[in-house]
Structures are given as C-alpha cells and as structure tokens.
Amino acid sequence: MADIRVNRPDGAHTGAHGEHGERGERGHRGPRGHDGHDGRDGETGATGATGATGVTGATGATGAAGAAGATGATGATGAAGSSGFTVLLWGLGIFTTVPAFVQPGGTDNDTASTDDFAFVVPSAGTLRNMFARHNAAGGSGPVATYTLLVNGVATALVVSVPTGAVGQASNLVDTVIVAAGDRLSLIVDSESVGPNLVEAKISMQFGP
C-alpha cells in the first residue's frame, strides 16, 4: 500500500493507513421497511371454461288469464231431421151386417151402413203400414177384410184377418197418397153376416 500522508488543518500530520482489519460479524437484521405502493393491474386473463348447468329453479306462479278471444264463425246448418208421423186408429166390437163402415178410434158394436164415419185429412201425406187385429174369438170363422177408402173409393191398403180366433195381419207393402181435404173411411166385409165378435183394432201410419 502507498505511503499516504494527510495534512490536517491544525498542522498535524496523519499517519499512513494501516492494513484493513478482518470483516466484522454480520449485524442483526434491521426492522421491516414499509410496504411499497400497489403495482399496476395486470392484463385480463383468458375466459375460463363454462361451468356446469345449475339446478332448475322452482316454477313461478301462474300469470293472470288473458282476455277472451273473439267469437268464432257460426258453423254450417246441420241436415234436417226426419219428419214425424201420426197413427190413425179405427175400432169395432161386433159386426152383424156386411159390408159396414168402421168407427174411427171407437169400439162401437154398431157399424154404419153408409159412409157416416168418414173424416177429412188436414194436410197432404202418405198412408202406409196398415195393421188389423182381432182381440176376441167370438166369430164363426169367416175372414174379415178391412179396406181403406179415400173419397169413397177403395184403395190398395187392405188387410184380412180370420174371425173365430185372436190374431192379426198387416199390409206393409202398399201406400196411398192423399191431399189435404180428402175424406178417409174404413170398411169391413166378410163371407158371413155373423154376428161376429171380433173386438177389432185397425191402425195405419200417416206422414210425409
């Protein structure tokens, strides 16, 4: 090491520096310094993967009813229904003379020798399905024949039933067309005058 002298203000002289001494022991750690300022925000990272779907929530309350819709168009008119019909009825208890007219709706034992029992139909229509029944067996056995007349003229509606036994017969084939104002009557004829207790009921259908 060079010999260095230093002149002091007081005139004294400083001697030469000595050799460096050995490094002393490391001192104790000093107290922790204050925290530094926050650094700047870093850049936004990449979007992470979509998480699993959560549990479905409870159903919400039902909303208020909406306003009523407009009335729809009227549908087409349906097909016309079938027309009804009327049942015409004649009745006869005993006949003693033939031919004789039968009373409408009755069971009178007397029959008219003239067309006293004719009645007028109020509207046009068709007569069909004629039935004749004997509810008593007091006759001697001859056949009683019942014929419908229109305005005094015999028609195709004819039914024959034997006397002497309870029984019935019908004509479901023939029809007779009538106009409003036509007169209807029923006549009975037989091979035997009688008296024949038959308690007869004769019916037929009248309709369009």
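The values are calculated or read from the model by the stated rules, or taken from the named source; none is laboratory data. On a predicted model such as this, the values are computed, not experimentally measured, just so you know. Note that we place each Cβ from the backbone using ideal geometry, even for glycine, and neighbour counts take in every protein chain shown. Remember, those area values only see protein heavy atoms, side chains included, never the ligands or the DNA or RNA. Shrake-Rupley method; radii C 1.70, N 1.55, O 1.52, S 1.80 Å.
Descriptive notes on the structure:
- Residues in segment 168-188 that are open to solvent by 20 Å² or more (accessible area, probe 1.4 Å) and in a strand (DSSP E or B): 6 in all.
- Taking residues in segment 86-105 that are farther than 18 Å from V158 by Cα, and partners anywhere that are among the acidic types (D, E) and part of a loop (DSSP other than H, G, I, E, B), the pairs with Cβ atoms closer than 7 Å and at least 6 places apart or on different chains are G93/D108.
- Every residue from segment 143-167 that is under 17 Å from V198 (Cβ atoms) and part of a loop (DSSP other than H, G, I, E, B): T163, G164, A165, V166
- Any hit, segment 88-97, residues being of a type in the set (G, A, S), at pLDDT below 80 and over 20 Å from V176 (Cβ atoms): no
- Subset tally (residues that are in a strand (DSSP E or B) and farther than 21 Å from A180 by Cβ) for segment 103-128: 2
- Sole exception among (1) closer than 30 Å to P195 by Cα; (2) surrounded by 11 or more Cβ atoms within 10 Å (Cβ to Cβ) for T114, by number: (2)
- For I94, the criteria (1) in contact with a Pro (Cβ under 7 Å, 6 or more places away or on another chain); (2) on the phi > 0 side of the Ramachandran plot hold in every case but one, which is (2).
- Any hit, segment 193-203, residues being part of a strand (DSSP E or B), acidic (D, E), within 14 Å of G93 (Cβ to Cβ) and open to solvent by 60 Å² or more (accessible area, probe 1.4 Å): yes
- Those residues of segment 48-87 which are polar (S, T, N, Q), loosely packed, with under 10 Cβ neighbours inside 10 Å and modelled with pLDDT of 85 or more, in sequence order: T50, T53, T56, T59, T62, T71, T74, T77
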